[in-house]
Amino acid sequence: MKPPSLLGLLRFLLVISFFPPSTRAQVPTQPWEEVVNGVWRYVPVKKEKINLLDAAGSTPNLPRLREFTQVPFPLDQTQIRITKQNGKLYLRFPLGPEEQLYGLGLHFKQVNRRGRIYNLHVDHYGGQDNGRTHAPVPFYVSSRGYGVLINSARYLTVYAGTANRVDSHNPPKVYNRNTDKQWEAQPTSDAVEILVPAEEAEVLVFAGKSPLEVVQKYNLYNGGGYLPPKWGLGFTYRTHTQFSADDVLREVQAFEEQGFPLDFMGLEPGWMSRSYPCSYEWDPQRFPQPAEFVQTLLAKNVRTNLWINPYIAPQTTLYEPMRALAGSHTVWNGLVPDYTLPQAQKVFTDFYQKNHLDMGVSGLKIDENDGYDQWLWPDVATFPSGTEAELLRQTYGLLLQDMIARQYRQANRRTFGLVRASNAGASHLPFVLYNDYYKHEDFITALINSGFVGVLWTPEVRNSASGEEWLRRMQSVCFSPLAMINAWSSGTKPWSYPEVYESVKKVALLRMRLLPYIYSTFAQYHFEGTPPIRPMPLVEGFVDQPTETEGTLDDTNNPYKLATRQDIKDQYLFGESILVAPVFTGQTSRRVILPKGKWYDFYTGKLVGENEVITVEAKLDEIPLFVKDGGLIPMIPPRLHAPKMGEKLPLEVRHYGTAEGRFLLYDDDGETFDFEKGDYSWTELSTRKTPRGPLRGTSRRISGKIYGYSTLDWKFMTP
C-alpha cells in the first residue's frame, strides 16, 4: 500500500472532524485500497472468523477485471464515514437527489430500494420486503454507476436513503404541515447508512461506466457467473415425495409419450430411509437398487437430483462421525454440522462420494437452510469451531453450496441444483434459489431483483387454480434460469390441465429450441459477469425515473398521506436481445416499456415500437417476447433432451429488424470443466448489408474447435 498523501491526510482530518472526540474511533488514514481497476476496498484491522466471500469460496477473476476501462473512485471520499463505536461499525455513503438504488438481496415486492429500511437476515420470505429473505445480499447498485458491498456475515441494518442527519450536506426542505400541502412524512435523505454489529468489516466499492458494468464487476469479483451443464438448462420435474424407483421410471416414460422435454428428475424426501432429520441413505423398499436406477435414467438422457436438508438423524451412518463436529442445538432433532470445519466437510463429502456421486447422481436440492427462527438453531447456539451462530446463519447456504460445488469440480462434472439460502459471493456457485412463497407476480419481481446481486432464482411451478394460471406460470418459468415443475406434494404433471397442454408444451419446446442462445447467455455470465436476467435499469439506454402516486389521506390507514412508488417489476431482458413481458392470470392486455431503439415481435418479426410504452394483447398461447433491432437469436430444432456431448445439430439463426447485428455463439462439451482449460469455441454470427441493400448473414469462428452444429440456416424475420 502506498503511504498516505498530504491530500489523503487532509481528507481524513475532515472526515473525523464531524465526530466529537469522545465518540469517534480511529480509522485508517487512507481507507480505500484499489484491488483492481474499478474495485476498491476498506480493509479491516482485524478480520472476522468468517465473512460472506470466504464462505462462498469466491476467487476474483482479476485478469478479466483488468480489461475494463480505467475509472476513478466514484464517490466523494470526504462524505464517506467509517466510524467504530460501542463495538459496532457505522458506515455512511453519500446519495444524490435523483439517484436510485437497487439490490440488497432477493426481494419480492419492489425493485427500487431508495427510501426503505432493510434488516438483512437469512430467512424464509415472509411476504414483506424488510430484509429477511433467502438471499439478503448486502450489495447495492446505484443508477450513477457504482456499487457497495459490505462483506460481513452479521445481521446488517441498511437505511437506504431514509435517515437525515443534522450535519447533512444536502438537507431536505423544511415544511409546515399546518400550512403547506407539500409537507412530506418521509423527507429525502442524502445518504445510505449501514449499521454493522461488529467493530470490523471489509467494504468494497465497485465503479463502472454504467450500472450494468458495476454488476459485471461484482460478479467477476466473485469468480464470474456459473456456467451450467447443457442439461441443467433443459427442463426438470420434481416427483411426488413418496415415489419409488418404479414410479419415477413410469413418470419418465410418460414424459416421453407426451412429447414433453425432460432433462433431470428431482427426487423429494421419500428417496431417503428417513427425513426431517435426514439419513442421506436410500430407502431400501422404494429404491432397492439405487445405482442401477440412476444408470437406467442416464441411459434415457435423464439426470437424477436428490432432495436433502442439512440435519443428520440419529441412528444413521453419519450421526456418530459428525456428532463432535456439530452445534449445541438440533434442528428437527437432527445434528447441525459445523461446515466451517474441514473435518465436517470431509465426513459428508466422503459419504456423498460413495453413496451418490460415484453412482452417477447429478446434483442436489438443499432445502430448509434459511428459516424460520423457531425452526433453525437459535443465536445462543454454539459450534465447535467457535463460529458464532449468527455468522453461520448468514453463511450456511453458501458453505453447503461451495462444499458440493468443489466435490463435483474434483470429479470434472458440472452440476446444477437448488438451494433455499444464499448470500453475497454466490455468482460462481451451481445453485438456483427457490422457496415456498407462491405469488406469481412477486416471483417475477424476485427474478428481476436476482439480476442485481449475483444469484439465480426460479419462479417454479407447483399447482394452479385454473388452466390459464398453469399456462401463465409455465410461460414464466421457461424464461428463467431453471425451468421446473415441483410436484412434491400436488403430483401435478405438465398435462394436468389438458385444455392448455398444447400451449404448455409449445413454450417448453421453445425453451429447448433456444438452448444455443441461453447457453451463450450463461457463457457471458461466466466470462463477462453479465447476468442472464437483466433488470430494466441495467439495460443500455433505459432511464429509470420511478414515479410516486399521490397517497390518500386516511386518519387510520394512511395518516401521513404516504405516496406509493411505482417500480418496473414485471419485465426484463433474458440475455442481450429478448425482452420478456410475462402475463398474469386474468390479464387480457398489458403495458410494455420499450427501451431505446426499435423492437420487434419475436413470433412475427413485426415492428412493435421504439423507446415508448405500448399495450399488447395477452394471447393465451404466447408469452409476449420482443427482440431488439439487429438481434440475432440462434435456435435448434425442437427436442426432448439437451444436446449430448459430441452431438451435432442444425442451427437456425433468426435476425430481427433492419439493423446489422452481431451475436457471439458459445459452445463446449456441455458437461465437464474442460472449458477452463480452453476447450471451447466462440463463433461470431453477424449480418451485414450488401451493396444492393439486403442483409446477408455470415459466421466466423473466433476461437476454439468444439462446435456442436452441423449446418447453419439464416432466417430474416422482418420483411
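Every number here is computed from the coordinates shown, using simple stated rules; none is lab data. The structure presented is a predicted model; accordingly, all values stated were derived computationally and were not measured. So basically every Cβ, Gly included, is an ideal-geometry build from the backbone, and we count neighbours across all protein chains shown.
Observations on the structure shown:
- DSSP bridge orientation in the chain - percent antiparallel, rounded to nearest 5: 75
- The stretch 6-221 shape via C-alpha gyration tensor axes, a/c threshold 1.5: rounded
- Given charges at beta-carbon only (K, R positive; D, E negative), |dipole| of the chain in Debye: 1500
- Loop-exposed GluC sites (Glu not before Pro) per DSSP, neighbour cap 11 Cβ within 10 angstrom, longest uninterrupted part of the chain: 99-549
- Taken about its Cα centre, the stretch 154-245 carries a charge dipole of about 500 debye when Lys and Arg each add +1 at the Cβ and Asp and Glu each add -1 at the Cβ.
- Length gained when the stretch Asn176-Asn355 is fully extended (0.36 nm per residue, less Cα-Cα span): 57.4 nm
- Within the stretch 230-494, percent of DSSP bridges classed antiparallel, to nearest 5: 15
- Beta bridge orientation in the stretch 175-329: antiparallel %, DSSP, nearest 5: 10
- With R₀ set to 30 Å, the beta-carbon distance separating Thr317 from Glu256 gives a calculated FRET efficiency near 0.25.
- Global form of the stretch 230-494, assessed from the alpha-carbon gyration tensor, a/c cut-off 1.5: oblate
- A Förster distance of 30 Å, applied to the separation of the beta-carbon atoms of Glu540 and Glu676, puts the FRET efficiency at 0.50.
- Label sites at Asn119 and Val45, each approximated as a point 7 angstrom past Cα along Cα to Cβ, lie 3.0 nm apart.
- Compared with the direct C-alpha span, the chain from Asn611 to Glu499 gains 36.6 nm at full extension, assuming 0.36 nm per residue.
- Ranking Tyr102, Leu156, Asn86 by how far each Cα lies toward the positive end of the dipole of the chain (charges on Cβ) leaves Tyr102 at the top.
- Theoretical gain in end-to-end length, Thr157 to Gln285 [0.36 nm per residue, Cα-Cα removed]: 41.1 nm
- Peptide ranges 592-599, 69-76, 447-454 listed from the most packed, as the mean C-beta count within 10 angstrom indicates: 447-454, 592-599, 69-76
- Selected from Thr615, Met484, Gly223, residue furthest toward positive end of dipole (the chain; charges at beta carbon): Gly223
- For the chain, calculated [θ]222 nm from helices alone, where every DSSP H run of n ≥ 4 adds -39500 (n - 2.57): -6000 deg cm²/dmol
- Neighbour counts of C-beta atoms inside 10 Å place Trp682, Trp231, Trp488 in the sequence Trp682, Trp488, Trp231, starting with the fewest.
- Estimated translational D of the chain in µm²/s (Stokes, Kirkwood radius over Cα pairs; 20 °C; 1.002 mPa s): 80
- Zone of Arg462's modelled label, taken as backbone nitrogen in the stretch 109-152 under 15 Å from a point 7 Å along Cα→Cβ: 124-127
- Put the Cα centre of the stretch 178-221 next to the Cα centre of the stretch 635-664 and the gap is 41 Å.
- Measuring against 20 Å, Cα to Cα, the residue pairs Lys173/Lys569; Lys505/Lys715; Lys628/Lys705; Lys569/Lys606; Lys505/Lys619 contain Lys173/Lys569; Lys505/Lys715; Lys628/Lys705; Lys569/Lys606 as the ones spanning a longer distance.
- Per the Debye calculation on the stretch 74-133 with a single equal scatterer at every Cα and no solvent contribution, log₁₀ I(q)/I(0) for q = 0.18, 0.23, 0.30 Å⁻¹ amounts to -0.82, -1.02, -1.18.
- Amide N of the stretch 667-686 lying under 19 Å from the label point, which is placed 7 angstrom from the Cα of Lys648 along Cα→Cβ: 667-670, 680-684
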